[in-house]
Amino acid sequence: MLVAQIPVARAANRPRVACLEWASAELVVSLGIQPVAVADLKGYHDWVVAPRLSDDCLDLGSRGEPNLEVLLKLNPDMIVSAHGYGLEGGPFAKIAPLHTVALYDGTGGTPYGQAESETLRLAERLGREMQAREVIENTAATISRAKKTLADQGSSPLAVVSMFDDRHVRVYGRSSLFQDVLNRLGLINAWTGETGSWGFSTMGIEELVAIGNARLISLDPIPPHVKVRIEQSTLWKSLPCVRTGNVTTIPPVWPFGGLAAAARFATLLAQT
């Protein structure tokens, strides 16, 4: 099947790309292209962090309802979104060619494998095949280096969570990007329970007793008022991993991102 490309002359001058959510923005930046606009810029800076967006990147508003008027004025060469965000593509496709990144599309592929494929697929449209191969190779090399650093922790289970209030956590397991990275690092995920199609399960904090004294990796950001409540929570204090001080907080990593998120997660684990 033929794939429409941005004209070579425009690609050489860095095509103007707008992103409707964060995973697509992360992928575009990793290919060496700074988006002209991204939906919910503040959220990207808080939850994704890296790769960094340029200071002149514009905000398209909510990821659930990106601003069509701003997109019209920007007249981008391409608009990039991601599967699963419930956006109707028609209005965006009228403004510019629309590309949808399929990281969690239910096809049965692992998120890491999907990320590699989707990196290559987008790169083909943008004329960035060489950069895509570099991203894939560099990510694998980063994880390999982290694995060597973490070699002595291979037999010590850990669990990865996000905290949104003082009673519930999101724990990542099967079908998640984090699980794929843990597998490549030779680390054991202490959480083996059921997860949804996005690779996580939301549960009460007290259910973390199931991981015993396994190391708990908590992702930032945690809203300040939630952090205070958690630290004061009897449920939290009663967990074995908390009682023994076996909890580590790491900087933000977007759990639903691509190869850049995978490399960042591996690097942060190696630094703890």
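The values are calculated or read from the model by the stated rules, or taken from the named source; none is laboratory data. It should be emphasised that the depicted structure is a prediction, and the values quoted were computed from it without experimental measurement. Cβ: placed from backbone, ideal geometry, glycine included. Neighbour counts: every protein chain shown.
Between residues in segment 226-237 that are within 12 Å of MET163 (Cβ to Cβ) and residues that are of a type in the set (Phe, Trp, Tyr), which pairs lie under 9 Å by C-beta distance while being six or more apart or on different chains?
As it stands, the answer is VAL226/PHE164; ARG229/TRP236; ILE230/TRP236, since those pairs meet every condition given.
When you go through LEU208, LEU182 one by one, which is the residue that is aliphatic (A, V, I, L, M), part of a helix (DSSP H, G or I) and touching a strand residue (DSSP E or B) at 6+ places or on another chain (Cβ under 6 Å)?
From the options LEU208, LEU182, the qualifying one is LEU182.
For segment 123-143, which residues satisfy the criterion of being closer than 27 Å to LEU268 by Cα and of a type outside the set (Gly, Ala, Ser)?
Across segment 123-143, the qualifying residues are MET130, GLN131, ARG133, GLU134, VAL135, ILE136, GLU137, ASN138, THR139, THR142, ILE143.
For segment 19-32, give me each residue that is part of a loop (DSSP other than H, G, I, E, B), of a type outside the set (Asp, Glu) and buried (at least 24 other Cβ atoms within 10 Å of the Cβ).
LEU20
Filter segment 122-151 for residues that are of a type in the set (Lys, Arg) and within 18 Å of the chain's Cα centre (by Cα) and give the result.
Answer for segment 122-151, where residues must be of a type in the set (Lys, Arg) and within 18 Å of the chain's Cα centre (by Cα): there is none.
If we keep just the residues of segment 122-148 that are buried (at least 16 other Cβ atoms within 10 Å of the Cβ) and hydroxyl-bearing (Ser, Thr, Tyr), which is farthest from PRO35 (Cα to Cα)?
THR142
Could you run through segment 180-199 and say how many residues are closer than 27 Å to PRO223 by Cβ, in contact (Cβ under 8 Å) with a residue 60 or more places away in the chain and buried (at least 17 other Cβ atoms within 10 Å of the Cβ)?
3
Only one of ALA210, ALA159 is at pLDDT below 95, surrounded by 14 or more Cβ atoms within 10 Å (Cβ to Cβ), assigned by TED's automatic domain parsing to the domain that holds PHE265 and of a type in the set (A, V, I, L, M). Can you tell me which?
Going through ALA210, ALA159 in turn, the sole match is ALA210.
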